[in-house]
Amino acid sequence: MTDHEQGFDSDPDAVLDPEYDWHGYQFETRQVHAGEQEERNSGARITPIAMTAGYRFDSFADGRDRFSGKADGLIYSRQRNPSGTVAERRITSLEGGTETIVVASGQAAITTALFALAESGERIVSTASIYSGTRILFGRSFARFGVTVDYVWDESDDDEWDRVIRPNTKAIFTETIPNPKNDIVDIEHLARVAARHGIPLVVDNTIATPYLIRPIEYGAAIVVHSATKFLSGHGAGLSGAIVDGGNFDWAGSERSYPMLTEAQSPGVPSVLERHGRTAYARLAREAVVNDMGPALSPFNSFLLHQGIETLSLRMERHLSNSRAIAEWLSEHPRVESVDYSSLPGNPRYELAQRLYGAATGSVFAVTVRGGEDGARRFLDGLRVFSRMTNIGDVRSMALHPATTTHFSFSQELRDRLGISPGLIRLSIGIEGVDDLIADLDAALRRV
């Protein structure tokens, strides 16, 4: 039994050291403390920003051992930095993984996560309703590198998954709460599909955050975040994260993952043999992040772990504001529809109750009457909501996807994704809900 569980120490006169092992503590405690390291120089309570590109080696042997993987010391900040390590350990604790890598953006996180799995000539399968920037990434940069992404439109249809998944498919990709339609995904079902085919499930948990759902607990192998959004919450700096669930049997899969399971240098054991349950994270860090260079700066690392400290508090307000606004909008005469899975009558309402506790984030879509002209009048009438791209900020934001994030898509694809001319994406912040409703109401009166 730990001192934390006992609540006392055997010597009542002893001065106890600060806690640094936060296993077993509540989510709200871990979001504040997990990942911290003792600062021995001055005793600073807040982790300093480690503005350094490189690190001294203790000796010839130490440099050799760090590069060979025998020693775990720092090598270069392109691969790992002490400021980022705090954020990495904190996210690992909150998501329930084995190791996390922080990178420069959410797009870098997705690219790193999937490039560690698929090579040129291989494939990824994704649910169709995902962030537009991810679709563009898949259709442009992934295609240029020879990795093909196939899409499943009805993720509940096992036959469609079985038709699309091929022998050279190396992963399934999805989002817990897709943007902008809030058409939540049954992670448990997708994990069963992935297990049946012997491939890892990679889940973008940006909008839900580990406060709402932890995909690893439902069978996901890897979780990614655009940590720019809700994890940081302040909109001040870009960041991304990849979390290794440590639960996928790489050696036992019928698919080939040679970078993990085969020795890459003569006489050196494979990454899997050396690192076990953190093997995927080590591969992603050493063979993708180190090679391609999407390092997270020390300052942005600091902003990230500072933001995580208030995650639960912010999410509570995001959620309460969103529910009130979605209900209000659904009754407004100048609104055609509201895409929010937590509303009764939504096709995914039962899933929202079962898997998400009726809390499906604070990013959703509202379709106003009047098509594009109605959307223009509405957006131009907002004064508290910011007209901008980004989500997950403490500030409320609105955007017209058809002419911005989805502008490059064909009309056929926009129609199939449900991106209509009158659809507006809302990201609900933490301001006073009455002020937000008044702003929306004034804008809707212009439609």
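Among the numbered conditions (1) among the charged types (D, E, K, R); (2) closer than 29 Å to Phe407 by Cα; (3) part of a helix (DSSP H, G or I), tell me where Glu336 comes up short.
Checking Glu336 against (1) among the charged types (D, E, K, R); (2) closer than 29 Å to Phe407 by Cα; (3) part of a helix (DSSP H, G or I), the one that fails is (3).
Any residue that is of a type in the set (Phe, Trp, Tyr), surrounded by 13 or more Cβ atoms within 10 Å (Cβ to Cβ), outside any helix (DSSP H, G or I) and not assigned by TED's automatic domain parsing to the domain that holds Ile130 - is there at least one of those in segment 389-407? It would help to see each step written out before you state the result.
Going through segment 389-407, the residues of a type in the set (Phe, Trp, Tyr) turn out to be 407.
With surrounded by 13 or more Cβ atoms within 10 Å (Cβ to Cβ) added as a condition, the list becomes none.
For segment 389-407, residues of a type in the set (Phe, Trp, Tyr), surrounded by 13 or more Cβ atoms within 10 Å (Cβ to Cβ), outside any helix (DSSP H, G or I) and not assigned by TED's automatic domain parsing to the domain that holds Ile130: absent.
Go through (1) touching a Ser or Thr at 6+ places or on another chain (Cβ under 9 Å); (2) farther than 25 Å from Thr169 by Cα; (3) not hydrophobic (A, V, I, L, M, F, W, C) for Thr98 and report which single condition fails.
(2)
Suppose the filter is part of a helix (DSSP H, G or I), under 27 Å from the mean Cα position of the chain (by Cα) and surrounded by fewer than 21 Cβ atoms within 10 Å (Cβ to Cβ); does Arg377 pass it?
Values: part of a helix (DSSP H, G or I): yes; under 27 Å from the mean Cα position of the chain (by Cα): no; surrounded by fewer than 21 Cβ atoms within 10 Å (Cβ to Cβ): yes.
So Arg377 fails the test.
Name the single residue that is surrounded by the fewest Cβ atoms within 10 Å (Cβ to Cβ) among those in segment 120-171 being in a helix (DSSP H, G or I) and polar (S, T, N, Q).
Of the residues in segment 120-171, the ones in a helix (DSSP H, G or I) are 132-144, 158-164.
Going one step further and asking which of them are polar (S, T, N, Q), we end up with 132, 134, 141.
Values: Ser132: 20, Thr134: 23, Ser141: 13.
Per the stated criteria, the residue is Ser141.
Quick one: which of Ala236, Ala227 is more than 20 Å from Val289 (Cα to Cα) and touching a Leu at 6+ places or on another chain (Cβ under 6 Å)? Working first, answer last.
Values: Ala227 fails: more than 20 Å from Val289 (Cα to Cα).
One residue alone meets the criteria, Ala236.
Please give the number of the condition Arg64 fails out of (1) in contact with a helix residue (DSSP H, G or I) (Cβ under 9 Å, 6 or more places away or on another chain); (2) within 21 Å of Glu286 (Cβ to Cβ).
Result: Arg64 fails condition (1) only.
Can you go through Arg317, Arg354, Arg383 and tell me which one is crowded, with 16+ Cβ neighbours inside 10 Å and of a type in the set (Lys, Arg)?
Values: Arg354 fails: crowded, with 16+ Cβ neighbours inside 10 Å; Arg383 fails: crowded, with 16+ Cβ neighbours inside 10 Å.
Unique residue meeting the criteria: Arg317.
The values are calculated or read from the model by the stated rules, or taken from the named source; none is laboratory data. Just so it is clear, the structure is predicted and the values come from calculations on it, not from any experiment. Positions of Cβ are backbone-derived with ideal geometry, glycine not excepted, and every protein chain shown enters the neighbour counts.
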